[in-house]
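Data block below; observations after.
The values are calculated or read from the model by the stated rules, or taken from the named source; none is laboratory data. Please read all numbers here as calculations on a predicted model, not as lab measurements. In this analysis, Cβ positions are derived from the backbone assuming ideal geometry, glycine residues included, and neighbour counts consider all displayed protein chains.
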Amino acid sequence: METLSIYAPKLVTNKEYIASGHRACSGCGEVLAVRYVCKALGRNTIISNATGCMEIISTPLPETAWEVPWIHTLFENASAVASGIESGLKSLKRKHGYTKEVKVVAMGGDGATADIGLQSLSGAMERGHDFIYVCYDNEAYMNTGIQRSSETPFGASTTTAPSGKNSLGQHTQKKNMAAIAAAHNIAYVATSCSSYPFDIMSKVEKAMKVKGPSYIHILSVCPTGWRCASNLTIKLGRLAVETGIFPMYEIENGKYTLNIDLPKLRPVEDYLKLQGRFRHLDKDITAEIQEKVFDEYNKVKRLAAGNKAK
Amino acid sequence: MKQGDTIEIRWHGRGGQGAVTSADLTAMSAIHEGKFAQAFPSFGPERRGAPVLAFNRISAEHPIRVRSGVVKPDIVVVLDPGLVTLINVVDGLKPGGCLIVNSTRSIEDLQGEFSGDWTLAVVDASSIARELLRVNIVNTTMLGAMIKTAGAIKMDSLTEPLEEKFGARAKANLEACHKAFDTTVIGKITVGGQKKVRTFAVAKQPTWSELLVGCAVTDVGSTKRFCTGDWKSQHPVWDDKKCIKCGICSLFCPEFCINQQKDGYFRSNDFYCKGCGICAQECWTQAIKMVEEA
Amino acid sequence: MTAKRIGIESSLAIAEAVRLANVDVIAAYPITPQTHIVEGLAEMVANGHLDAEYIPVESEHSAMSSCLGSSAVGARTFTATASQGLILMHEVLLVAASLHLPIVMVVTNRALSGPLNIWGDHSDTMITRDSGWIQIFVENGQQAFDQVLCAFRIAEHQDVLLPTIINVDGFHISHVIEPMYFLDQEAVDGFLPPYKHPHALDPDKPVTMGCFAMPNLYTESRKALDTSLRESKKVILETWKKFGEMTGRYYKEVETYKAEAAETLLITMGSYSENAMEAIDKMQSEGRSVGLVRIRLWRPFPYMAFLEAVSGAKNIVVLDRAMSLGGPPPVCSEIRSALYPQEKRPQVVSVVGGLGGRDISPDDFEKLIDIGLGRIKIGDTSETIMFGVRE
C-alpha cells in the first residue's frame, strides 16, 4: 500500500504544527511520527505532552516548536492532565458558552506510557475521557541516555541492561501496550510505525472520530539509541514491520485487523544486523527471537482471522 | 596552594563525535602521569550532531578545586572542521594559547580566519581516522595533534587509558594519534592578521520581569529562529535529471526542511538540514547524494 | 445583607462554599479526613445542585494533574486532600505554581506515615511549604467556609494567578458540626469575578506551557515566581477587606488575642488556637501577662505583620504541630529568622506538640506555656521541647 502511492507524498498537507529548528537528533524517527500525527490532528487540538525527548527537543524557554496549544507538566501524568483539559472544556461548553470543537491529545514516549505513566493512562482510559493517547515508542529511555524500559525488546543492549559476559542485554519481552489499552474496552486501539506516514495519519483520523478514549502506539525509530546510521531510520521501521517484529494492526471495539499482512515475513536477522544494540547476539539467540516473532505475529494473525470468520 | 599554573583546555565537537572522550582520555593520561586533572562535559540538552563542548584542567602541582566551566582556555581543540566558521572557537583563548583544528584547509588559509597572539596547528584528522580507524571519528586522532602542539600530556601516558577504553581497538587509535602527531602543521596567528571578520550571534535572554506569566510562550513555532543547519557534516545534493518530483524526500525529512520549488524540484533548507541522509537513502530514483561539508 | 445561621459539619460547609463558587471541575481522590468534602461535592453534582465535572481520579497525583489541565483551559478548579495524598501530589504542586494555575485546594491536615496515622497535625502541609502555593490556616468551620470563597478570588486575581491551599485541621475542624453563616449565591457572584487565564490553552491563540529552562533562564523563572508569591499579599489583604465589608468577618495575616502589653506570647496556627484562647483567658484572669498570636497567612510569610504583633513581648513560646527531623521545627525557624535582624529580640522557645492527633487541651496549653517559660528562665532555649512525650 505504501509503495503504490508513488506520488502520494504531495497529497499531504504542507501545514506543519511542529516547526523546524527543533533539537531532535539527526535522523530522528520520533519527531517524524509527531509531525504526521499533528498533520492529521490539525489546528483544533490541545496537546498534553509527557516529559521526554519530544518535550526537550521542542521547548527550550523562551522558544517553542509547537504551533498548537501545548502543555508539558511532568513525566507520568500526561493522561491525567489531558483528563483535566477534556473535563474543563466540557464544563466550559456546558456552562460558559464555549463552542469550539477541540481534540484533546496526550502523548509520551514508551517510558512515560508503559512504565511511569501507565497508571494515569489506565485511569484516564477507564474513566472514558474523550481523548487520544499517542505513545511514541523508541524502546528505551532515550532522553536520559538509552536506559531500558518495559518496551525495550528482548536481546537489546541498553545502558541499564547492557550485554556482557553474564547478560544478553534485555532479558524480558516487550510489554504489549496495545493489548493493555484494548483491555480497557475502548473503541479504538492501533499500532503504527514512524516509517508509514499514511498509516499514522489515517489511524489518527480514525481515532479523532471516536467518542471516548483511543490509543495509538507508534514504533519510532531512534538512530541514537538503536545505534544505527541516521539515514536508516525509515528503512529500519519498514524492516520492523516486514519482519513481523512490529505488526501494524487495529483493534476496533475489540476486533483485530492486521493492516499489513505479509504473505512471508523477512528474517529478523535483516532487522537486527543493522543495529548496534543487537550486535552482541549470537545465532541461537537470533533463532530464539525469530521463533518468538512468529509466535507473536501468528497470535495477532489469529485474532484478526477470528474476527474475519465472524 | 596556588591555582595559577593550571592548564585549561576546551574541546569543540558535535554530539556523537566523542569530544567528551577526548577530554576523558586527556585527564586520565595526566592523572596517569601523577598530575592532577579534571575532565567534564557541558551538561545540556544537545543532541547528536549539535555543537558541544568538553573541558579539561590539568595541574602538575596541586589538586584542582575550580568546578566552573572553562572560559579562558589555554588550548582550544576543534574536532569538526565546520565549527571554525560557525562558532567563535577562540572565545576567551588566552594570549599565547594554542588553537588546534581538524581541517583539510591550509594553515595559511586558516590563519586568515583569526586575529590574536596564538599558535595555530592544523591536521587533517578526518583522513587519518578514515584511513586507520575506518570511521570519521577524530576524538583520539586529535589527541596526537594536541600533544604535538601543546604538550599538555605525554604520548606514552595515553596508552593505558586508551587500552582501558578501547580494548582491542586501542592499537589503531594510538596509531592514528601518532600519525596526527607526525603530520600536524604548526604556525602562528597574529593580531590583525585576519582576512575575513566573522560575527557570531549572541542570543539575548529575557530578564525575570520580561517572562510571561507562568513562563508561557506565545511566540509559537519560534524554534524556526534556531539554526540546526550547524549540526550537519554532510548535505544532500539533488540530481534533477533523475528526480521524478514525487516528494518522498520532503515527506521523510525529520527537519521538515525539504520543500518543492517553483520548478517542481525539491531542495533542502540549509538553515535546518542536519544532514541525516534519510532523503538520499529513501529517494526512489537515487536522485539525491549526500556530500561532505567543506 | 441577610445571612442564614445554620448548624453544619465543616466539611459540608466547605463543599457548600465550593458550590457557591460555581466551580467547573473537581478532581479528587478519597483520603481520610478529606472524604466528607469530596463526597459532599460528588453528591451535589449527582443531584444537579452543582454543574461541574467531577473527575474521580485514580490517585492524588492524577487529581492535581487533572487540576492543571482544567485550570489551564480556563476552568475554575477545586480539589481537596490530606497527608499522604498531599505528598503524593507534591511534584505536581510545584508545577501548578510555576505555571501560575490558580487551583484552590483544601488540605484537611493530617500526620504523615510512618507509622501510619490518620489524625491531625501540620506535617503534611509543612512539606509543601516551599512549593509556591499561597497557604492560609483556619481555626474553625466558619473560617474554612469564608476562606475557601476568598481563596478563589485571591488565586484567580490577574495580579496573582497562583494556586492556594486552605489548611483545615483534620477532624478537629473537618468533622465538627458548628453554627455558621452562609452567603447567598448573589453575594458570592458579586464577590467572585469569572476566572480567565491570560494564556489559557486555546486553538485560536496557541500557547506553549511548560517549557524547560536552561541555566541561563531558570533563575529568572524562579525570581518571577517568588516575586508573584510575595506580591500576592496585596491582593490577599484587599480580598479580606472586601469580604469583611460584605460579611462583617474581617481577617488578618497575623491575628492576635489579648496580646497587647503581654510579656509572653504563645504562637499557634490552626484549630488549637481556640483551645489556646481558653488558656490565655484563664491565665490572664490569674494575673499572668500572656497573650496569643496566630499566624493565618503562612505563605507568603507576613514578616512585617508578625514583627509588629510581637514587638512588645519579652518571651515567645512557639507551638509547631510538625517536626523537621534533625533540625528546628518549621514555624519556629521562620520566626527566629524573622526576629534575628531585630535590635530588640524576645527570647524564643520552641515546642512541638499535637502530633498525629495528640490533644492539647486548654489545661495543657497552660502547662505548655509554663514549661516554655521555665526554659527561658534557666536560659536554655537551644532545644525544642516535645510537649507531652512519655519519657
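Annotations
- A:His217 vs. criteria in contact (Cβ under 8 Å) with a residue 40 or more places away in the chain, within 14 Å of another protein chain (Cβ to nearest Cβ) and in contact with an Asp or Glu (Cβ under 7 Å, 6 or more places away or on another chain): no
- Residues satisfying the stated conditions in region B:225-244, i.e. among the basic types (Lys, Arg), facing chain A (nearest Cβ under 9 Å) and more than 20 Å from A:Thr59 (Cβ to Cβ): B:Lys232
- Between B:Lys262, B:Lys289, B:Lys241, B:Lys245, the distinction of being farther than 20 Å from A:Ala33 by Cβ and outside any loop (DSSP other than H, G, I, E, B) belongs to B:Lys289 only.
- Residues satisfying the stated conditions in region C:53-72, i.e. aliphatic (A, V, I, L, M) and facing another protein chain (nearest Cβ under 7 Å): C:Ile55, C:Val57, C:Leu68, C:Ala72
- Listed by position, the strands (runs of 3 or more DSSP E) enclosed by region C:296-354 that each have at least 2 residues that are over 19 Å from the mean Cα position of the chain (by Cα), closer than 17 Å to C:Leu266 by Cβ and in contact (Cβ under 8 Å) with a residue 24 or more places away in the chain are C:315-320, C:347-352.
- Contacts under 6 angstrom Cβ, first residue in region B:66-77 being assigned by TED's automatic domain parsing to the domain that holds B:Trp118, partner aromatic (Phe, Trp, Tyr), 6 or more apart: B:Val70/B:Phe55; B:Val77/B:Trp11
- Any chance C:Glu263 is in contact with a helix residue (DSSP H, G or I) (Cβ under 7 Å, 6 or more places away or on another chain), farther than 23 Å from C:Phe145 by Cβ, at pLDDT 95 or above and charged (D, E, K, R): no
- Taking the criterion of being of a type outside the set (D, E, K, R), in a helix (DSSP H, G or I) and more than 7 Å from chain C (Cβ to nearest Cβ), the residues of region A:58-88 that qualify are A:Ser58, A:Ala78, A:Ser79.
- Residue check, B:Thr218 at pLDDT 95 or above, surrounded by fewer than 20 Cβ atoms within 10 Å (Cβ to Cβ) and within 30 Å of C:Trp133 (Cβ to Cβ): yes
- Per the conditions (1) charged (D, E, K, R); (2) under 20 Å from A:Ser149 (Cβ atoms); (3) more than 10 Å from chain C (Cβ to nearest Cβ), the sole criterion not satisfied by A:Glu55 is (3).
- Leading residue by the ranking (nearest to A:Thr45 (Cα to Cα)) among those in region A:124-175 that are surrounded by fewer than 24 Cβ atoms within 10 Å (Cβ to Cβ) and within 14 Å of chain C (Cβ to nearest Cβ): A:Asp130
- Across region C:32-52, the qualifying residues are those that are part of a loop (DSSP other than H, G, I, E, B) and without any contact (Cβ under 8 Å) to a residue 60 or more places away in the chain, and the one among them that is farthest from the other protein chains (Cβ to nearest Cβ) is C:His49.
- Among the residues of region C:355-383, the one identified as closer than 25 Å to C:Ile118 by Cβ and free of Cβ contacts under 8 Å to residues at least 24 places away in the same chain is C:Asp359.
- Taken together, the residues in region B:50-73 that are part of a loop (DSSP other than H, G, I, E, B) and within 30 Å of B:Leu86 (Cα to Cα) amount to 9.
- Looking across region C:175-226, the residues that are within 14 Å of another protein chain (Cβ to nearest Cβ), among the β-branched types (Val, Ile, Thr) and surrounded by 19 or more Cβ atoms within 10 Å (Cβ to Cβ) come down to C:Val207, C:Thr208.
- When C:Met277, C:Met323, C:Met304, C:Met269 are checked against the criterion of being over 23 Å from C:Lys377 (Cα atoms), buried (at least 24 other Cβ atoms within 10 Å of the Cβ), of a type outside the set (Ser, Thr, Tyr) and not assigned by TED's automatic domain parsing to the domain that holds C:Ser174, a single residue qualifies: C:Met269.
- Meets criteria (among the polar types (S, T, N, Q), out of contact with any Asp or Glu (no Cβ under 7 Å at 6 or more places or on another chain) and under 15 Å from A:Gly109 (Cα atoms)) for A:Ser58: yes
- Region A:204-222 - residue that is part of a loop (DSSP other than H, G, I, E, B) and on the phi < 0 side of the Ramachandran plot and, of those, farthest from the chain's Cα centre (by Cα): A:Lys211
- Selection count where residues are assigned to a loop (DSSP other than H, G, I, E, B) and either at positive phi or not hydroxyl-bearing (Ser, Thr, Tyr) (or both), scope region A:115-147: 12
- Restricting C:Ala80, C:Ala75, C:Ala144 to those that are of a type outside the set (Val, Ile, Thr) and within 10 Å of chain A (Cβ to nearest Cβ) reduces the list to C:Ala75.
- Applying the set (1) assigned to a loop (DSSP other than H, G, I, E, B); (2) within 14 Å of chain A (Cβ to nearest Cβ) to B:Pro81 leaves exactly one unmet item: (2).
- Scanning region C:218-233 for any residue that is of a type in the set (Ser, Thr, Tyr), in the same structural domain as C:Phe182 (by TED's automatic domain parsing), farther than 19 Å from C:Gln147 by Cα and touching a residue at least 24 places away in the same chain (Cβ under 8 Å) turns up at least one such residue.
- Output for region C:79-117, where each listed residue is of a type in the set (A, V, I, L, M), within 29 Å of C:Cys211 (Cα to Cα) and part of a loop (DSSP other than H, G, I, E, B): C:Met89, C:Leu99, C:Leu101, C:Ile103
- Qualifying residue in region B:194-212 (condition: part of a loop (DSSP other than H, G, I, E, B), of a type in the set (Phe, Trp, Tyr) and either in contact with a helix residue (DSSP H, G or I) (Cβ under 7 Å, 6 or more places away or on another chain) or within 14 Å of another protein chain (Cβ to nearest Cβ) (or both)): no
- Qualifying residue in region C:113-125 (condition: touching a residue at least 24 places away in the same chain (Cβ under 8 Å), within 9 Å of another protein chain (Cβ to nearest Cβ) and surrounded by fewer than 24 Cβ atoms within 10 Å (Cβ to Cβ)): no
- For region A:92-122, the candidate set comprises residues that are buried (at least 24 other Cβ atoms within 10 Å of the Cβ) and facing chain C (nearest Cβ under 9 Å); within that set, the residue that is nearest to A:Thr45 (Cα to Cα) is A:Val104.
- Number of the exception - B:Ser222 against (1) under 22 Å from B:Asn269 (Cα atoms); (2) within 9 Å of chain A (Cβ to nearest Cβ); (3) touching a strand residue (DSSP E or B) at 6+ places or on another chain (Cβ under 8 Å): (3)
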